[in-house]
Amino acid sequence: MDYYQGVVVDYLRADRAVFVNTECCIQLNAGPGPDKGGTYWYCDAVAIDFRNHEIFLCETSYAEKLGALIERLRKWSASWEGVCTALVRDCKVPENWPIRPWLFVPQRSVESLAECLQQLKSADGSAIFRPRITSLESVQPWKFHDWNHQDKDTDKSEVPESMRS
């Protein structure tokens, strides 16, 4: 885990209604483990928000171009139904709760990331998933209460207008 992943995980855990599984293995094919073949990813963190009944696949990047993050999102989008099925099957999350990527990136990268995400569409042109984007600058430890922050304490909806629902 790199430094910023730790900062993001601390931020997520500071909300007592959110439970976090770090380095969570998302394995498309059922089996005893990812080393037995098949497609799988280790997600930086899976956050389960019991207050809002949502599940987040959290990824953190402070890279300049975000190439690795965008490639991961492309692969997830190509297998989104399988990703969701794997989380329900293996992590026992409620199947009727929405599952969304939650991306933590530098503020300077938010707009370009949103533009790249617009290209990830299903065959009918609809969005495959509706990500949440939060700047790394807004999750610094001095910006929230570490014992019980909630969404209103820091702006987690820093998604450009074109990405909002």
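Residues that are farther than 30 Å from Arg16 by Cα and surrounded by 12 or more Cβ atoms within 10 Å (Cβ to Cβ) were ranked within region 119-147; the one that is modelled with the highest pLDDT is Leu120. Residues in region 17-53 that are closer than 17 Å to Arg132 by Cα, of a type in the set (D, E, K, R) and assigned to a strand (DSSP E or B): Asp44, Asp49. Inclusion of Ala14 among residues that are over 16 Å from Phe129 (Cβ atoms), exposed (fewer than 14 other Cβ atoms within 10 Å of the Cβ) and either of a type outside the set (Lys, Arg) or in contact with a His (Cβ under 8 Å, 6 or more places away or on another chain) (or both) is not warranted. Pro94 meets all of the listed conditions (1) within 22 Å of Pro141 (Cβ to Cβ); (2) not in a helix (DSSP H, G or I); (3) not hydroxyl-bearing (Ser, Thr, Tyr) but one, namely (1).
Which of the residues spanning region 17-57 are touching a Gly at 6+ places or on another chain (Cβ under 7 Å) and of a type in the set (Gly, Ala, Ser)? Lay out the reasoning, then the answer.
We begin by selecting, within region 17-57, every residue touching a Gly at 6+ places or on another chain (Cβ under 7 Å); these are 27-29, 31, 38.
If the condition is that a residue be touching a Gly at 6+ places or on another chain (Cβ under 7 Å) and of a type in the set (Gly, Ala, Ser), then Gly31, Gly38 are the ones that fit.
Of the numbered criteria (1) out of contact with any Lys or Arg (no Cβ under 7 Å at 6 or more places or on another chain); (2) crowded, with 19+ Cβ neighbours inside 10 Å, the one Cys25 fails is (2).
The values are calculated or read from the model by the stated rules, or taken from the named source; none is laboratory data. On a predicted model such as this, the values are computed, not experimentally measured, just so you know. Here the Cβ is made from the backbone with ideal geometry for all residues, glycine too, and neighbour counts use every protein chain on show.
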